[in-house]
Amino acid sequence: MAEKSTVARPYAQAVFELAREQDALAAWSDMLSAAVVVGSDATMQQLLVSTEVTRQAVADLFVEVCGDALDDPGRNFIRVLADNRRLDLLPEITEQYAALRADAERTVDARVVTAFELSDQQQEKLASALKKHLGRDVRLECEIDKTLLGGAVIHAGDLVIDGSALGRLDRLAGQLEG
């Protein structure tokens, strides 16, 4: 059986092209996120795999639960996914759509994990340095993990920079052992 990400790719690409034509990249991000929340509900999960409920009934219920979070094209997309028994791919579709959108908008989301809270000035300086390094606008998401002791670990796309004190200690220990 094909990987979920492989099966999700054409759906994500189609939604992205439609969103770009409609000049509605952000609106589609919101709709997909809302659909992922609905699809992750335990009761909805049971309906998605049920052979006793028609695809049409699942689509209708899904659209109804999403409510105003979906516009007409969004509702149509959910119906297409339901007809093809692909509603379970919504998380993968949403993730791939987000990557396509970020690439088109020349942005990257960076997760910064630090031992202590970063000031606004530190966040701006870090975002600026990452923008220069990556050639993209950077949106920072900051987390605190006191086990790092100091420094930071940065995840931006495929890039991982471990400048934490714990990471340095681990590298030093590896050098001493080897």
| remark: Scanning the range 144-178 for residues that are under 19 Å from the mean Cα position of the chain (by Cα) and loosely packed, with under 12 Cβ neighbours inside 10 Å gives ASP158, VAL160
| said: Considering only the range 74-87, I want to know if a residue exists there that is outside the structural domain of GLY157 (by TED's automatic domain parsing), out of contact with any helix residue (DSSP H, G or I) (no Cβ under 7 Å at 6 or more places or on another chain), over 27 Å from ARG136 (Cβ atoms) and in a helix (DSSP H, G or I). | reply: yes
| query | Looking at the range 103-120, is at least one residue modelled with pLDDT of 90 or more, assigned to a helix (DSSP H, G or I) and over 30 Å from LEU32 (Cβ atoms)? | reply | yes
| query | If you go through the range 34-56, how many residues are under 30 Å from ALA104 (Cβ atoms) and surrounded by fewer than 16 Cβ atoms within 10 Å (Cβ to Cβ)? | reply | 3
| Does the range 21-31 contain at least one residue that is surrounded by 13 or more Cβ atoms within 10 Å (Cβ to Cβ), under 15 Å from VAL80 (Cα atoms) and out of contact with any helix residue (DSSP H, G or I) (no Cβ under 6 Å at 6 or more places or on another chain)? | no
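Under the condition of being more than 24 Å from the chain's Cα centre (by Cα) and hydrophobic (A, V, I, L, M, F, W, C), which residue from the range 50-59 is modelled with the lowest pLDDT?
VAL53
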| request: Residues being surrounded by fewer than 16 Cβ atoms within 10 Å (Cβ to Cβ) and free of Cβ contacts under 8 Å to residues at least 24 places away in the same chain: count how many of those fall in the range 57-78. | output: 7
| note | Looking across the range 83-122 at residues that are of a type in the set (Asp, Glu) and in contact with a strand residue (DSSP E or B) (Cβ under 8 Å, 6 or more places away or on another chain), the single one that is surrounded by the most Cβ atoms within 10 Å (Cβ to Cβ) is ASP109
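Mind checking whether some residue in the range 146-159 is in a helix (DSSP H, G or I) and in contact with a strand residue (DSSP E or B) (Cβ under 8 Å, 6 or more places away or on another chain)?
So far as the range 146-159 goes, yes, one or more of its residues are in a helix (DSSP H, G or I) and in contact with a strand residue (DSSP E or B) (Cβ under 8 Å, 6 or more places away or on another chain).
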| request: Return yes or no: is PHE16 over 14 Å from GLU95 (Cβ atoms) and either among the aromatic types (Phe, Trp, Tyr) or exposed (fewer than 14 other Cβ atoms within 10 Å of the Cβ) (or both)? | output: no
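The values are calculated or read from the model by the stated rules, or taken from the named source; none is laboratory data. Bear in mind the structure is a predicted one, so any value in this text is a computation, not a measurement. Because the Cβ atoms are built from the backbone with ideal geometry, glycine has one as well, and the counts that use them run over all protein chains shown.
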